[in-house]
Amino acid sequence: MKIGIIGCGYVFDHYMTTLPRHPGLIIAGVTDLDQTRAETVSRFYGLRHYATTDEMLADPDIAIIANFTSIEAHHQVSRAALLAGKHVYSEKPLTMTMDQARDLTGLAAERGLRLSCAPSNALSATAQTLWKIVADGAIGTPRMVYAEFDDNPVYKLRPEDWRSRSGAPWPYLHEYEMGCTWEHAGYHLGWLCAIFGPVRSVTSFSKVTLPDKTDQPLHPADTPDYASASLDFHSGVVARLTFSIAGPTDHRMRIIGDKGVAAADTYRDYDCPVTLEPFHPLTLKARNMRSVRTNTLLQKPFGVGGRRVPLAPPVHPGHADARAFDGPAWSPKTWAKRLRRAQFGQQDKCAGLVELVAAIREDRPHYPSPDFTLHVTELTFAIQAAGPDGASQQMQTGFAALPLPASTRDGAPDYAALARPPLLARLMGAIRRG
Ligand SMILES: NC(=O)c1ccc[n+]([C@@H]2O[C@H](COP(=O)([O-])OP(=O)(O)OC[C@H]3O[C@@H](n4cnc5c(N)ncnc54)[C@H](O)[C@@H]3O)[C@@H](O)[C@H]2O)c1
């Protein structure tokens, strides 16, 4: 089942980074409105170059189109692909408007074709671990979620100089114009909706906080670069999300139940460690002590911050360990790669494509379904559009709650059994007993 890629810009290289780990993904070739760019990546990665989108869509060997074009082109390119009888995997957000999104989901259904959309981080080991912790009741009944998306004051980091591996500039002005909420909301909404189901209503606030982030003209100039939203899930959970490019990097995900907290530092590393902190009176009281709050050595015995739990398997593990693709062990390049991965973590953006291919082969529904994507798209628009006076919106879209994937259900530990009292409480108990 061959895949044709349309759009060879900055994000293209993210996919290429982990592609070799998934031998089931066969890339037929690439195309881009910018011929020079398509030729560059075609040479860089040894891929066939199609001169035009039409030429690619006419290739009967291609079953799936991966649409990595700029957001404004998503609808037109995905529509043309569906009309040509191809399944579609789109970068996020699916489209620029809800009408366009509905048009694509309707067209895909009418033609019996698949429509899938990034991001894929809900399939990661980290998200699956959080999901299984909730399913096991290890934090009791989940009540509240805090999800942060401060993505650094990027305007201070010379974004005009950023280049992808094969040389594509980071389209920073376009990112400002689309807005960090539009660009990033899907990363948190994906795992939240996978675990907690559809949202009933959302109340949001959004505003420009950095009118001076660039001296270049922006069209439009008033796209919010800050947003916060409270989501009321049908399942009873409430989540608060924040998006900005003013605050220093903070991508934390914290699920708070009536018996404890499960947390991970970032969605961006698909193997990011997950901690489990049961509510224990000793831990809760210790959190109020200044010396514990300011000294990480003291936190551990009191159980503050919880303990790291073994990760669930990712839904689609790469064919081989990432290290197998790093190059010869003696090479300084290999060490640089490993150091980089250890420090920054790694997204496996290809996971969503692997899921789509597997679902088609196994003749089962894929994640995320078109209904799920419509819901995430509606939420994304609602959060970004709220404005400085704030707005509440009842969701018009929805989807059937998802089951925990079988690989997680069967492959992850029983996290309830790992929710132990803090070390000091266990020691004090042992002293009292004997
Ligand atoms: N830049 C990032 O860090 C990043 C990360 C994750 C996801 N994304 C998403 O990936 C998508 C692409 O973003 P990007 O940063 O790679 O943008 P980009 O501007 O670097 O690349 C987009 C490419 O699409 C091509 N293109 C535009 N319209 C086209 C059309 N009609 N037909 C064929 N080619 C067309 C452009 O020539 C360009 O090469 C967006 O949906 C974005 O939200 C970007």
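Worth a mention:
- For the pair segment 358-431 and segment 279-356, the centres of their Cα atoms are 19 angstrom apart.
- Amide proton proximity set for Val261, modelled H, under 5 Å, gap of 5+: Glu277, Phe279
- A protection proxy built from the mean count of other Cβ atoms within 10 Å ranks the segments 93-100, 328-335, 187-194, most packed first, as 187-194, 93-100, 328-335.
- Across segment 10-21, rounded Karplus estimates of 3J(HN,Hα) from the backbone phi angles (6.51 cos²θ - 1.76 cosθ + 1.60, θ = phi - 60°) give 4, 6, 3, 5, 4, 5, 5, 4, 10, 3, x, 6 Hz, Gly and Pro being marked x.
- Rg and Dmax over the alpha-carbon atoms of segment 330-396 stand at 19.6, 58 Å.
- Based on alpha-carbon atoms, the Kirkwood radius and the radius of gyration of segment 219-365 give Rg/Rh equal to 1.04.
- Values of log10 I(q)/I(0), in the order q = 0.29 Å⁻¹, for segment 103-153 under a Debye, Cα-only, solvent-free model: -1.11
- Order of Glu55, Glu362 under a 10 Å beta carbon neighbour criterion, fewest first: Glu362, Glu55
- Arranged from fewest to most other beta-carbon atoms within 10 Å of their beta carbon, Val309, Val238, Val202 become Val238, Val309, Val202.
- Note on segment 2-117: along the principal axes its Cα atoms extend 37, 27, 26 Å, ordered by decreasing extent.
- Coupling constants for segment 130-139 follow from the phi torsions by the Karplus curve (6.51 cos²θ - 1.76 cosθ + 1.60, θ = phi - 60°), and in residue order they are 4, 4, 5, 4, 5, 4, 6, x, 5, 10 Hz; glycine and proline get x.
- Relative packing of peptides 349-355, 110-116, 155-161 - highest average C-beta neighbours within 10 Å first: 349-355, 110-116, 155-161
- Count of lysine pairs in segment 124-418 with Cα separation under 23 Å (8 or more residues apart, or interchain): 9
- Under 5 Å, built H, 5+ apart or other chain: amide partners of Thr249: Asn152
- Vicinal HN-Hα couplings computed from phi for segment 262-268 (Karplus, 6.51 cos²θ - 1.76 cosθ + 1.60; Hz; Gly/Pro x): 10, 9, 9, 6, 7, 6, 6
- Label-reachable residues, segment 98-124, where backbone N falls under 20 Å from a point 7 Å from Leu83's Cα toward its Cβ: 98-116
- Inter-centroid distance (Cα atoms) of segment 221-274 relative to segment 13-55, Å: 33
- Normalised by residue count, the chain yields a Cα convex hull volume of 166 Å³ per residue.
- Of the beta bridges in the chain, as assigned by DSSP with both residues counted there, near 60 percent are antiparallel.
Read-outs throughout are calculated quantities, based only on the coordinates presented, and are distinct from any laboratory measurement. Being a predicted model, the structure only gives us computed values, none of them experimental. With ideal geometry, Cβ positions are generated from the backbone for all residues, glycine too; neighbour counts draw on all protein chains shown.
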